[in-house]
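To start, the structure under review is shown below, and the notes come after it.
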Amino acid sequence: MSGDTHFNSTNKVNVASFTTHTSALGPGIRAVVWVQGCPLHCRGCLAPGWIPFIQANLMTPTEILEKFEIQKIDGLTFSGGEPFEQASGLAELARLARKKKDLNIICFTGYGYERLLNHPPNDGVYELLKEIDVLIDGSYIESLNDSIGLRGSSNQRIIHLTSRLRLYDLEDQKRKIEVTIRDGEMAFVGIPTPGIKSVMDRAYKSEFERMDEDERL
Ligand code: SF4
């Protein structure tokens, strides 16, 4: 097992954040789960606040599902953090969701597909792979962020593990970003272009500095 601390011994998912509906992370309307914790440390990471293996919101798959209006969505997207560090819980979430509706499932991972197959970093990796229709794999490389497609950088592969989403042009589509204000803070959903990423980095830096200041008070 990689990573420093894991919280999934009872199949709970350590959820960094979720959204109940977005059209920025795959075809149709989707619910998204972002998990907390990633061992990969890509330079210029798209979600640096979700790298540490700290406890965020521990939720059972059933509790997560209760937040979603399954009949109103077309699919689920898993991102992070690193979803395959919490593979068992996410696989269970996918199975439970599909008992209610035949959703399609997209999953981002910083691991390469071959690494997942040949040296799975976790117990539930094959279980989760079985549920996924499209896997977007590989490290994020900032210099290869070309603002195109449902991936952070052009080295990442969009791998169709089933034929369900083959008709969608996930590689060359224009990216969408949704910006919301939650509890007075700006939140972005989608894959940022380099310009948006620098805005996000500034927001993250000032949030980090504010927290640091609060701790000093
Ligand atoms: S795999 Fe994703 S979350 Fe992990 S370090 Fe790379 S960009 Fe960040």
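Each reported figure results from applying straightforward, stated rules to the coordinates on display, with no laboratory input. As the structure is a computational prediction, the values presented were derived from the model and not from experiment. Backbone-built Cβ (ideal geometry, glycine too); neighbour counts: all protein chains shown.
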Check your understanding: With each label point set 7 Å from Cα along the Cα-Cβ vector, what nm distance links HIS160 and ASN118?
Key -> 2.6
Check your understanding: Whole-Å semi-axes of the chain's equivalent ellipsoid, largest first, each the root of 5 times a Cα gyration tensor eigenvalue?
Key -> 24, 21, 18
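If each DSSP helix of 4+ residues adds -39,500 (n - 2.57) and the sum is divided by the residues in the chain, what number results at 222 nm, nearest 500 deg cm²/dmol?
Mean residue ellipticity, 222 nm, calculated: -8000 deg cm²/dmol.
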**Study point:** Antiparallel DSSP beta bridges within segment 60-217, as percent of all bridges there, nearest 5
**Key:** 60
Review point. Where nothing but the Cβ of Lys and Arg (+1) and of Asp and Glu (-1) is charged, how large is the charge dipole of segment 103-169 around its Cα centre, in debye to the nearest 20?
Key: 140
Exercise for review: Have a look at MET200, MET59, MET186 and tell me which one the Gaussian network model of the chain (Cα, springs below 10 Å) gives the largest fluctuation.
Suggested key: MET186
**Study point:** Whole-Hz ³J(HN,Hα) from phi, Karplus 6.51 cos²θ - 1.76 cosθ + 1.60, for segment 78-83, glycine and proline x
**Key:** 10, 8, x, x, 10, x
Check your understanding: So, with +1 on the Cβ of K and R and -1 on the Cβ of D and E, and no other charges, what is the size of the charge dipole of the chain about its Cα centre, to the nearest 20 debye?
Key -> 660
Review point. In what order do SER147, SER88, SER163 fall by count of nearby beta-carbon atoms within 10 Å, going from fewest to most?
Key: SER163, SER147, SER88
